[in-house]
Amino acid sequence: MNLLRAENISLSFGGLTAVNDFNFYINEGQVVSIIGPNGAGKTTLFNILTGIYKVNQGKIYMNEEPIDGLHARKIVSKGIARTFQNIRLFSDMRVIENVLVGAHINTDYSFFDGLFRTKRFYEVENKKKQEGAKLLESLGLEGRLSDYADNLSYGEQRKLEIARAMATGAKLLLLDEPAAGMNHQESEDLRVFISNLKNLGYTILLIEHDMRVVMNVSDYIYVMDYGKKIAEGRPHEIQSNEAVAMAYLGDSEVHL
Amino acid sequence: MMLQQLLNGMALGMAYALIAVGYTLVFGILRLVNFSHGAVYAFGAHMVVFFIGMNFGLLPAVVFGILLSGLLGVLIDKIALNPLRKKKSPNISALITTIGVSYIIQNLLVLGFGSGRKSFPKLIETRSIMIGDAQITNIQLLMLVVSVVLFLSLTVLVKYTKIGLAMRAVEQHETNAALMGIPTSFIISFTFFLGGLTAAIASVLIGSHYEIVYPTMGMMIGLKAFSAAVLGGIGVFYGSIVGGLLIGLTEALAATWFGAEYRDSVAFIVLILVLILRPMGLFGKKGLNKV
Amino acid sequence: MSEKFTVDKIVIASIILLLLGLPLLGFSQYVMRIVILMGIYTILALGLNILVGYTGLVSLGHAGFFAIGAYGTAYFMIQHSVGFIVALTIGTLLSGFMGFVLGLPTIRLSGTYLSIVTLGFAMIVQVVIMNWDSVTNGTLGMSQIPKPNILGYDLNLANHGIYYLMLFLLGLVTLGCYTIIHSKIGRTLRAIKSDELATTMMGIHIDRYKILAFVLSASITGLAGGFYATLSSYIDHNSFGFDLSILILCMVILGGMGTIRGMYLGAALLIIFPEIARPLMSWRFVVYGFVLIIMMHFRPQGVLGWRSRRKYPIPGEVKKSYRMVEVEE
């Protein structure tokens, strides 16, 4: 059974077709990457999957349940959470508070529990804070727990954004260029980090330009160009695919 | 009767539009609601009264008063707002700063002229002109004509001159405009100058229509003009004309249908309804998130 | 725990003691009235702070909610001879309901557009007050609003009852704000202020929270209004103009948006200033303008608007560190 499956989805803005008749699926526990040149429609695809944009055509299933057309916040409760290409943390809040906002939908007490400080409030709140601290510890951010998000280093902010997504309880994480702007060592750490996430049972859909990361962590790769799927396969298959090389034509930066 | 109200509403509406355009010009460039604009409006009328009192003669007094208001606009930007921009302060700091500026101007006017109502000197002898069974005073006619001429010249300025092109460039993206060699700080000053100028012209017109001036005269009318700017879609030039006219006309009609006491609220009711149906105003652009 | 924490406790305890003992210091009724006004404005600032400071929605129309609370309370006390507590509750609820109504447009409006709707709302409230003669007594205003009477005791300036009533309400609102802000509700509001889209992507129904913020803010403001009506015993439309909305906003920003302590200072400063600067006549508002401008330039986050640098307490860990301190000692 596929965890997430998109069937023939299309989206156009005015005359521009951003995503064109795209098909793909992810099985539980996989790391799947979407690669392609800038402007290929990768982030648009993420925006569709997370409910920010609605498709013109096609269906999307999560656990065999249709999720296309659902409001973005409902999709989170179906178990999909994401990060953003340009980091969008709650910068004026502490690291742990960012995680606690992520855990909001699982933080089960009412307004009046909060106002009157009921027993339930303390129980749930304490549990969530402990879980949040544990989550941060597992990502190596425990020393930063009390810091404000905008005081973190770039790499730490990327990690915190992932932690916040994990806190929603999602099983499927959509990571939008997590290695962007990272140096060699940081992206190496990220590679290990993503493998660890996989071992923890998370399913990951990754947009990434850093081929060292993509080729090392992916179970399966989809290649997009001009909104279309131009290739798919295992990393070694993609590396030897001519259409992919064509899409990246002349781009000597990319070492497939 | 109907025609009469339409005429009254149009004359007043064009004056609202003249004030609204000052809000819109500044908002377009700085994404800032300039709460000192109403005070600049009051300043203009008082300066004209002052210069006439100094025996400058009518026309020079009006011209001086208007130019001085334009300069006041520039001064506000240079002294109070520009330093905030340099520090990249949050937008709300600039908003509060303009409120502070308006307190200063208004109360300096109180200190200089007293807080009471003073009569505004007659610019021309009032006469009535009959159109069908409705009458319009020559001052109302003047309001209409001056506003239309002013709007036409502003449109030409913004659309067809080099400085207008620069203004639009700064509105699109200040940093990029600066990189293209546009003297952005001059353009911003110029925008404030235009804002002060139009506000003062409006205050002279409205002052001679109602024949009174007082330091807080810019408060209510400023809020209404601001509403007109938002109604049309703040930051959109012709939006303030439509917004101003719409508010002027609904006010005039509401005064006949529901009684004059409801006049002030009807404008705001229309505003709220329009905003709920069209959240960005009638001609507004998307993506304005800062106050 | 840390030293700072105990210092804080001592500061707060002494302020509470000072406030409780203030009537013993023998100030004149004039001074006590100003102190009570400070309390009312602190409540107003706390109310507006929920919207502006935490949720990031700028209201320019809180005078409207203040008026609804005041007129609602006064109307039921005078016309229906309802007791103070019931009337105040009705006034608060009425204002809260209007907060709900005004919160609905937040689903579609943002930024400047929302602010202008709040401004328009307050203007409409003022016009309604001036014309709804049968309820508001029109432009003449409502006079002879009874002083609060609780369990048969008249509370007034002379017996300091009304002062302690103010303290009680202020304490209640402060505690309420504190518990709400330090719960998932407050976190969500602050997240909305920081990034609406990111908050939505956490699965949060942000419209509901924005409306909730409006309801809370309006209720608190209405409560202050109802109390104000009985304190001053006379209200008319002039007490609830645009200036008032701006004054509350200035208190919030001057004191320090998004802090509770800042609201106390902001209200105190802006109420005391015109009183002690009385000899300056009209110059005082010129000075006031300059103070605003200079503050915004040198300290835009407000006088007390710093971020807490204290360790964020994680339950369970707290006990551990306690034990460690004990062992060390």
Going by a ≥ b ≥ c, the root eigenvalues of the Cα gyration tensor, does the stretch B:132-262 fall in the rounded group (a/c under 1.5), the prolate group (a/b larger than b/c) or the oblate group?
prolate
Which whole-Hz couplings ³J(HN,Hα) result when phi for each residue of the stretch B:56-66 is put into the Karplus expression 6.51 cos²θ - 1.76 cosθ + 1.60, θ = phi - 60°, listed in order with x for Gly and Pro?
6, x, 4, 5, x, 4, 5, 5, 4, x, 5
Quick check on chain A: helices-only [θ] at 222 nm, where DSSP H runs of length 4 and up contribute -39,500 (n - 2.57) each and the sum goes over total residues. Nearest 500, please.
-11000 deg cm²/dmol
Mind checking the per residue accessible area of the stretch A:91-164 for me, 1.4 Å probe, whole number of Å²?
43 Å²
If you take the Cα Rg of chain A and divide it by 2.2 N^0.38 Å, with N the number of residues, what do you get?
1.05
The stretch C:83-154 and the stretch C:186-220 have their Cα centres apart by a whole-number Å value of 23 Å
Total accessible surface hidden between A and C, rounded to 100 Å², 1.4 Å probe:
3500 Å²
What does the accessible area of B:Ile19 come to, in Å² to the nearest 10, when a probe of 1.4 Å is used?
0 Å²
Hey, can you rank B:59-66, C:307-314 by average C-beta count inside 10 Å, highest first?
B:59-66, C:307-314
Given the -39500 (n - 2.57) contribution per DSSP H run of 4+ residues, what per-residue ellipticity at 222 nm results for chain C, rounded to the nearest 500 deg cm²/dmol?
-22500 deg cm²/dmol
Rule-of-thumb check for the stretch C:30-95: C-alpha Rg over 2.2 N^0.38 Å?
1.27
Rounding to the nearest 10 and keeping the result within 0 to 90°, find how far the Cα-based axis of helix C:62-79 lies from the longest principal axis of chain C.
50 degrees
Could you look at the protein assembly as shown and say what percent of its accessible area is carbon and sulfur, using a 1.4 Å probe and all protein chains?
62 percent
Quantify how strongly other chains surround peptide A:96-102 by giving the mean number of their Cβ atoms within 10 Å of each of its Cβ atoms.
5
Could you please put A:Glu123, A:Glu131 in sequence from largest to smallest accessible area, using a 1.4 Å probe?
A:Glu123, A:Glu131
Tell me, what is a quarter of the convex hull surface for the C-alpha atoms of chain B, in nm² with one decimal?
15.5 nm²
C:Met123 accessible area, nearest 10 Å², 1.4 Å probe?
20 Å²
Sort A:Tyr202, C:Tyr264, C:Tyr71 by heavy-atom solvent-accessible area, probe 1.4 angstrom, most to least.
C:Tyr264, A:Tyr202, C:Tyr71
Given a cut-off of under 8 Å on Cα pairs at least six residues apart, what relative contact order in percent is computed for the stretch B:50-148?
15 percent
With an 8 Å Cα cut-off and a minimum separation of 6 or more residues, compute the relative contact order for chain A in percent.
27 percent
Can you give me the angle between helix C:161-181 and the longest principal axis of chain C, using Cα atoms only, in degrees from 0 to 90, rounded to the nearest 10?
40 degrees
In the stretch C:147-184, accessible area falls by at least 50 Å² from chain alone to full assembly (1.4 Å probe) for C:Thr179, C:Lys184
Kirkwood Rh and Cα Rg combined as Rg over Rh, evaluated for the stretch B:187-291:
0.99
Across peptide A:142-153, what mean number of C-beta atoms from other chains lies inside 10 Å of a residue's C-beta?
2
Go through B:Tyr214, C:Tyr178, A:Tyr248 and list them by solvent-accessible area, largest first, probe radius 1.4 Å.
C:Tyr178, B:Tyr214, A:Tyr248
Partner aspartates and glutamates whose C-alpha sits under 17 Å from that of B:Lys159, ignoring same-chain residues fewer than 8 away, are B:Glu171
Listing of the stretch C:66-114 residues, each with accessible area lower by at least 30 Å² in the full protein assembly than in the chain alone (probe 1.4 Å)
C:Arg108, C:Leu109, C:Ser110, C:Gly111, C:Thr112, C:Tyr113
Sorting check: for C:205-214, A:48-57, A:5-14, B:228-237, which peptide has the highest mean count of neighbouring beta carbons within 10 Å, and how do the rest follow?
B:228-237, C:205-214, A:48-57, A:5-14
Over 30 Å (Cα to Cα) - which of A:Lys128/A:Lys198; A:Lys54/B:Lys86; A:Lys129/C:Lys9; C:Lys184/C:Lys311; A:Lys128/A:Lys228; A:Lys78/C:Lys193 fall in this group:
A:Lys54/B:Lys86; A:Lys128/A:Lys228
Rounded to whole Hz and in sequence order, give me ³J(HN,Hα) for the stretch B:172-178 from the Karplus expression 6.51 cos²θ - 1.76 cosθ + 1.60, θ = phi - 60°, writing x for Gly and Pro.
5, 6, 4, 4, 5, 4, 4
Determine the distance separating the Cα centre of the stretch A:177-256 from the Cα centre of the stretch A:8-35; give it in Å without decimals.
15 Å
Quick query: amide H of A:Ala231 versus all other amide H atoms, modeled in the peptide plane; which residues come in under 5 Å with a sequence gap of 5 or more or a different chain?
A:Val223
What figure, in Å² to the nearest 10, do you get for the accessible area of C:Arg33 with a 1.4 Å probe and non-protein molecules left out?
90 Å²
So for the protein assembly as shown, using the alpha carbon gyration tensor with a ≥ b ≥ c as root eigenvalues (a/c under 1.5 gives rounded; past that, a/b versus b/c decides prolate or oblate), I'd call it oblate
Total accessible surface hidden between B and C, rounded to 100 Å², 1.4 Å probe
3800 Å²
Angle between chain B longest axis and helix B:2-30 axis [Cα atoms, degrees, rounded to 10]:
10 degrees
Through the Karplus equation 6.51 cos²θ - 1.76 cosθ + 1.60, θ set to phi - 60°, convert the phi angles of the stretch C:277-293 into ³J(HN,Hα) values in whole Hz; use x for Gly and Pro.
8, 3, x, 6, 6, 5, 4, 5, 6, 5, 4, 3, x, 5, 4, 4, 5
In terms of the Cα gyration tensor, with a ≥ b ≥ c the square roots of its eigenvalues, is the stretch A:91-164 rounded because a/c is under 1.5, prolate because a/b exceeds b/c, or oblate?
prolate
For C:Ile150, list long-range residues whose amide hydrogen, built 1.01 Å from N in the peptide plane, is under 5 Å from its own amide hydrogen.
C:Leu155
Average partner chain C-beta neighbours within 10 Å, per residue of C:190-199?
6
Keeping every protein chain present and rolling a 1.4 Å probe, give me the accessible area per residue for the stretch B:2-219 in Å².
42 Å²
Residue farthest toward the positive end of the dipole of chain A, with Cβ of Lys/Arg at +1 and Asp/Glu at -1: which of A:Ile105, A:Tyr154, A:Ser138?
A:Ile105
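The values are calculated or read from the model by the stated rules, or taken from the named source; none is laboratory data. These figures come from a predicted structure and were not determined experimentally. Note: ideal-geometry Cβ built from the backbone for every residue, glycine included; neighbour counts use all protein chains shown. Only protein heavy atoms, including side chains, enter the accessible area calculation; ligands, DNA and RNA are left aside. Shrake-Rupley method; radii C 1.70, N 1.55, O 1.52, S 1.80 Å.
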